[in-house]
1. Step through the residues of the range 182-194 one at a time and calculate ³J(HN,Hα) from phi using the Karplus curve (6.51 cos²θ - 1.76 cosθ + 1.60, θ = phi - 60°), rounding each to whole Hz and writing x for Gly and Pro.
2. Take every Cα-Cα pair in the range 12-64 and report what % of them are more than 12 Å apart.
3. Too long at a 30 Å Cα-Cα cut-off: which of Lys67/Lys165; Lys67/Lys132; Lys132/Lys187?
4. Using θ = phi - 60° and the Karplus curve 6.51 cos²θ - 1.76 cosθ + 1.60, what whole-Hz ³J(HN,Hα) does each residue of the range 83-93 get, with Gly and Pro shown as x?
5. For an R0 of 45 angstrom, estimate the FRET efficiency from the Cβ-Cβ distance between Arg61 and Leu8 and round to the nearest 0.05.
6. Which value, in debye to the nearest 20, describes the size of the charge dipole of the range 1-125 about its Cα centre when Lys and Arg Cβ atoms bear +1, Asp and Glu Cβ atoms bear -1, and nothing else is charged?
7. What lysines does Lys222 reach when the alpha-carbon gap must be under 24 Å and sequence neighbours fewer than 8 apart in one chain are set aside?
8. Along the charge dipole of the range 68-169, pointing to its positive end and built from +1/-1 on Cβ of Lys, Arg, Asp and Glu, which listed residue (Pro169, Ser152, Asn141) has its Cα farthest out?
Amino acid sequence: MGTSSATLILIGVIFIGFLLLMSMIKIVPQRAAIIVERLGKYRATYTAGFQILIPFIDKVRYRQTLKEQAIDVAPQICITKDNIAVEVDGILYLQVLDPEKASYGIDNYKFASIQIAQTTMRSVIGRLELDKTFEERDTINVSIVEAVDKASEPWGVKVTRYEVKNITPPQSIRDAMEKQMRAEREKRAIIAESEGSKQAKINNAEGDKQELIKKSEGEMQKRINEAAGRASEIEQLAKATATGLRSISSAISEENGLNAVNLRIAEQYLGAFANMAKTNNTLIIPSNLTDIAGVIATATSVFHETKDKTK
C-alpha cells in the first residue's frame, strides 16, 4: 500500500515537473512576436525561435503578427461637395513594425486605424464633387494613407496603402448617370456615322475625279494615236505614190514603154465612158469618140512635154 502511494506521488511530481517545463518553453513562429511581462511589468519582446520563460514569474501578455494585414473598412455614407450622399468602402493595408508599441501604445490599433480611415474618407469626399469622386480615387487613397500613417506612427504600425473598393451613389443619381452615358454614347455614334458618311462622299468624289482624269487622258491618247496613224497613213500613201510614179517614169523610158502607156490610156478612156453609161440616163458623147488614136496621140504628146520639162 505504501509502495503504491509513493509511486502515485512520484508520477504526480513527474507530471507537474513536465507541465512546468512545458510552460517554460515557448516556440515563436516566423513573422510573429510575443510580449513577455515579468511580475506585470514589460520584460522583453521575443521573435521567431525557441524561447525560455520563468514559470509563475514571466507571462506572455500579447501576441502580434508582423505580416502585412488587410483590414476591410465597412461601407459608410459620405456627402460630396454638391450634396450627394454616396456609400464608400475600402481596404486598409498595414503592418506592425514595433510589437511593443502596438501592444502598449493603443488598446486596439486595428479599430483605431479603421476609424481614422473612415473619418479621413468623409473629409476627402466632402471636398469633391460627385463626378470627381470617380476620377480622384488615387487622391482619396493617398490622403487616407497619409492621415492614418501619421496617426499610427506612435503605435508602431506602418500603413502601406489604402484602396477604395466601391463608390455607390443613390439609385436616382445612378439612373441619371446612366441616361447621361447613354446620350453620350448615342452622340458619339451619330458623330462617328456622320464622319463615315463624310469620308465616303469624299472618297466617291475623289474616285469620280480620278475616273474623269483617266478618261480624258485615255481620250487624249486615243486622238494622238489616231492622228499619228493618219499621219503615218498619209506618209505611207505619199511614199507609195512617189514609188509608183518613179516606176511609171522608169517604165516609160524603157523600150516599148510608151506603147504600154498608150494602151493603158485607151483602156481607161473606154472604161470611163462605160461607167458613165451605167450611172447616168443621159450621156453626152464627144464627136471624136471613135478617134481613139487621136486621144492617145494627145495623151502621148502630154507625156513627151512632161518628160522634156523634167530633163
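1. 5, 5, 5, 5, 5, 4, 4, 5, 5, 4, 5, 5, 5
2. Values: 872 of 1378 pairs.
That tail contains 63 percent of the Cα-Cα pairs.
3. Working: Lys67/Lys165 22 Å; Lys67/Lys132 34 Å; Lys132/Lys187 22 Å.
Lys67/Lys132, as the Cα separations exceed 30 Å there.
4. 6, 10, 7, 10, 9, 10, 9, x, 10, 10, 10
5. Numbers: r = 36 Å, r/R0 = 0.80.
FRET efficiency, Arg61 to Leu8: 0.80.
6. On the way: 13 positive and 10 negative charges, 99 e Å.
Using Cβ point charges on Lys, Arg, Asp and Glu, the range 1-125 gives about 480 debye.
7. Within reach: Lys209, Lys214.
8. Result: Ser152, furthest along the dipole toward the positive end.
Just so you know, all these numbers are worked out from the coordinates, no wet-lab data involved. Given the structure is predicted, the values throughout are model-derived calculations rather than measurements. Backbone-built Cβ (ideal geometry, glycine too); neighbour counts: all protein chains shown.
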